[in-house]
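Below is one structure, written out as structure tokens; comments come after it.
Readers should treat all values here as calculations from the given coordinates under stated rules, not as data from a laboratory. The structure presented is a predicted model; accordingly, all values stated were derived computationally and were not measured. Methodologically, a virtual Cβ is constructed for each residue, glycine included, from the backbone with ideal geometry; neighbour enumeration extends over all protein chains shown.
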Amino acid sequence: MKGTVHYEVKDGVALLTVDNPPVNPLSAGVRAGFVENITKAENDPDVIGLVLTGAGRSFIAGADISEFGTKPDGPGLDEAFKKLEFCSKPVVAAINGSALGGGLETALCCNYRIAGPAAFVGLPEVNLGLLPGAGGTQRLPRLVGPAEALKIMLTGMHVSAKKALSMGIIDEVSDDLVNDSIKFIQEKAANTENHPKVRDLSEKVVEARGSDNVLIEARAMAAKTRKGQFAPGKIIQCVEAAINLDDFDDGMKTESDCFIECLVNPQREAMIHIFFGERAASKIADVPKETPVKDIKKAGIIGSGTMGGGIAMCFANAGIPVHIIDQDEDNLKRGMSVIEKNYQFMVDRGRMNQEMKDGVFGLITSSLDYQDVSDCDIVIEAVYENLELKEKIFKTLDEVVNKDAILASNTSGLNVDSIASVTNRPDKVVGTHFFSPANIMRLLEVVRGSQSSDETLATVMSVGKKLKKAAVVSLNAPGFIGNRMLFGYTAQANMLLLEGALPHQVDQALEKFGMNMGPFRMLDLVGLDLGWRARKLSGTESALPSKISDQLCEQDRFGQKNGKGFYNYTEGSRAPNPAPENEDIYKAVSAENGIERREISDEEIIDRCILALVNEGADIIEEGVGQRAVDLDVVYINGYGFPIWRGGPMHHANAMGMKEVLNKLNKYHELTKNDTFKPANLIKKLAEEDGKFGDAPAKEDRKEKLSFEKSSVAGNL
Ligand code: 3HC
């Protein structure tokens, strides 16, 4: 059985140490260890109390997520927790690191809780499509009140030891955790008769009875931040039971029923797929685990625009000093003032205090002189998309920046090998494609140039982790992963418009499917004029899907930036209002291109847009541009607003069944005659084998097949 619990007796106290590296989840061996060692401590006349702690960096990271959906061995959590809660001797949890989910629930079954200064607690099950199912929904409201407990459970937030102390989740914070916990429990065992149990507290839940305010607020919060998710409603239902049911065990019964409902819901599988997927994506199949990682003590950013400023904030937030260079003093002043305002906004919203703001903002310096980034360990160029300009910057950086430093380009689509070729260190050049706003969006596409070294890649992936990004590797190929998939998706949305749908119908259908923002709202946000100007400059005729956008731009409809695009906007508002005046444009462009407009169903809208992602995704995997299917899911969820509870486009296709995917592709290929729907070889093969997109890395290295010149996806968006 996986995991164990060590037992030793120190000065009359049994010290139980959970050992299940790296983060001590409650696997079968740990649960069995609880039952066995608590019994041992109870039966040992020399033991007066127990200290429960974790080995390594974690206390307990929760239930073993890999066991969900399987039949676990050994005693269940309920048996192990009963043993703990009804132990005949007092128990203190010595929380040495992360106590998450079942980890905090373990601590809540102890009589007392002491934490180390760097420890943190939380109930993040909601991020896995679950609810705290080992008493968390019943015990935490009793300890901190239903409103705070709901906030912790619905956000999945981590609560620092200091905050947990002020909230009453823990009793003390200690620098010498295990020794102090031993002394603490000796003192309690000697001087206290009745040791508190959280289950016996009722004041805070009874106080909340008779008013629905807390639950109404929680529902509003869940609707806003967890759109389409199943678990939040169930969490609220459990807290409602905690408030209204007198008997603790009746509340536990509600929790258990709701937990099972979440467990069997497909959202749970989808969200756990993403949990493991994000961790898998951070590993590069042919870069050995033991590859040395460079220590990044200082970062440099070239360009103080929206992207540069956002990236600088990511480094500062991670505690890494960062220096921004711009060639224009006014731009630099403006850029620094935007960063300052962003931090001030967080202070105003109570997300950080003035001291924290001063600390992080103080890590960001700026100047006009490239020499000031010469001592950086990584420099990220974040200027606008122009290959010549980027090459010029890289030449300069190569000359001035310390020879071991990594040079990265925040390009969203340019050839990283071309950029690397102007330097004398192509092995230290990569793409780091951040998404806007970079300080908020979690996705980081790491673009692997043909000469990027293992050390460079391993270092950039570890930087991604430090910056709290979901980092995914893409080979250096047109559009990388995300934008290449997006191309077909956006093209289909535009084709649907040409064939008879209206922007709000397309957006509403896809938003109902779960997309954060429909494609036309997104295009309006990005600005229609960017693509239009690029197409005009290239002098070639626009492809069919871009023709409506072009016409809108000809009529000065550029999107949100000037208050009119596919929608109309009132000043100062981002809310889209229908623009009936555009309908004549749509009709005219359809007619000019010989397209007969027709009624289009929501089902067709969803199928065509989402299958465009899936079909392109299959080619991306087969070509080896993305390592594995789940990498593409991680990209779409963290960078493009795909609903996490559907597990990403490739997982969605798996859930649909590959035969069904193939049938639909054939149907839409027949209907549209568009190659977007010509089934990818991988899909045909999987449909034949009754297979699924797998999570294993692509075996073959097909780098040589990729040609940057074959298309320019980014310019077509
Ligand atoms: N179960 C199984 N494996 C887990 C796990 C868990 N609860 N938590 C982490 N792991 C694994 C990861 O998959 C990873 O495996 P890998 O090395 O093979 O890729 C390894 O442990 C290390 O994890 P991280 O890379 O995430 O390590 P970090 O140090 O960056 O983060 C952490 C540590 C903050 C604890 C983070 O792992 C985390 O958030 N874990 C999940 C916490 C969670 O959601 N707990 C709730 C579980 S559900 C539950 O408890 C139900 C209960 O209410 C009944």
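For the chain, the Kirkwood estimate of the hydrodynamic radius, built from every pair of different alpha carbons, is 27.9 Å. Restricting the chymotrypsin sites (Phe, Trp or Tyr not before Pro) of segment 40-115 to loop positions (DSSP other than H, G, I, E, B) with no more than 12 neighbouring Cβ atoms within 10 Å leaves Phe86.
Within a straight-line Cα-Cα reach of under 18 Å, Lys333 can be paired with the following lysines, leaving aside sequence neighbours fewer than 8 residues apart in one chain: Lys341. Between the listed residues Leu84, Ala41, Gly62, the Cα displaced farthest toward the positive end of the dipole of the chain, a dipole computed from Cβ unit charges relative to the Cα centre, is found at Gly62.
Pairs of alpha carbons in segment 222-355 separated by more than 26 Å make up 58% of all such pairs. Placing +1 on each Lys and Arg Cβ and -1 on each Asp and Glu Cβ, with no other charges, gives segment 4-264 a dipole about its Cα centre of roughly 780 debye. Sorting the Cα pairs of segment 1-59 by distance into bins of 10 Å, from 0 upward, gives 28, 51, 21, 1 percent per bin.
The Rg/Rh ratio for segment 299-477, using Cα coordinates for both the radius of gyration and the Kirkwood hydrodynamic radius, is 0.95. Here the Karplus curve 6.51 cos²θ - 1.76 cosθ + 1.60, taken at θ = phi - 60°, turns the phi angles of segment 480-488 into couplings of 6, 9, x, 5, 5, 5, 4, 4, x Hz, with x standing for Gly and Pro.
Sorted largest first, the principal axis extents computed over the alpha-carbon atoms of segment 4-264 equal 52, 39, 33 Å. A cut-off of 5 Å between modelled amide H atoms, ignoring neighbours fewer than 5 places along the same chain, links Glu381 with Ile302, Ala408, Ser409, Asn410. The phi-based Karplus calculation (6.51 cos²θ - 1.76 cosθ + 1.60; θ = phi - 60°) puts the 3J(HN,Hα) values of segment 441-446 at 5, 7, 6, 9, 8, 9 Hz, whole numbers, x for Gly and Pro. Shape descriptor for segment 451-588: Rg over Rh equals 1.07 (Cα atoms; Rh from the Kirkwood inverse mean 1/r). Between Pro649, Phe520, Ile301, the Cα set farthest toward the positive side of the dipole of the chain (charges on each charged residue's Cβ, about the Cα centre) is that of Phe520. Backbone amide hydrogens, once placed in the peptide plane, bring Val447 within less than 5 Å of Gly431, Thr432, His433, Ser474, excluding anything fewer than 5 places away on its chain. For Val9, the residues 5 or more places off, or on other chains, whose built amide H falls under 5 Å of its own are Leu15. A Förster radius of 22 Å combined with the Cβ-Cβ distance from Glu8 to Lys183 puts the calculated FRET efficiency at roughly 0.85.
Here segment 299-477 is treated with +1 on each Lys and Arg Cβ and -1 on each Asp and Glu Cβ, and its dipole about the Cα centre works out to around 760 debye. Peptides 384-396, 645-657 ranked from most to least packed, by the mean per-residue count of other Cβ atoms within 10 Å: 645-657, 384-396.
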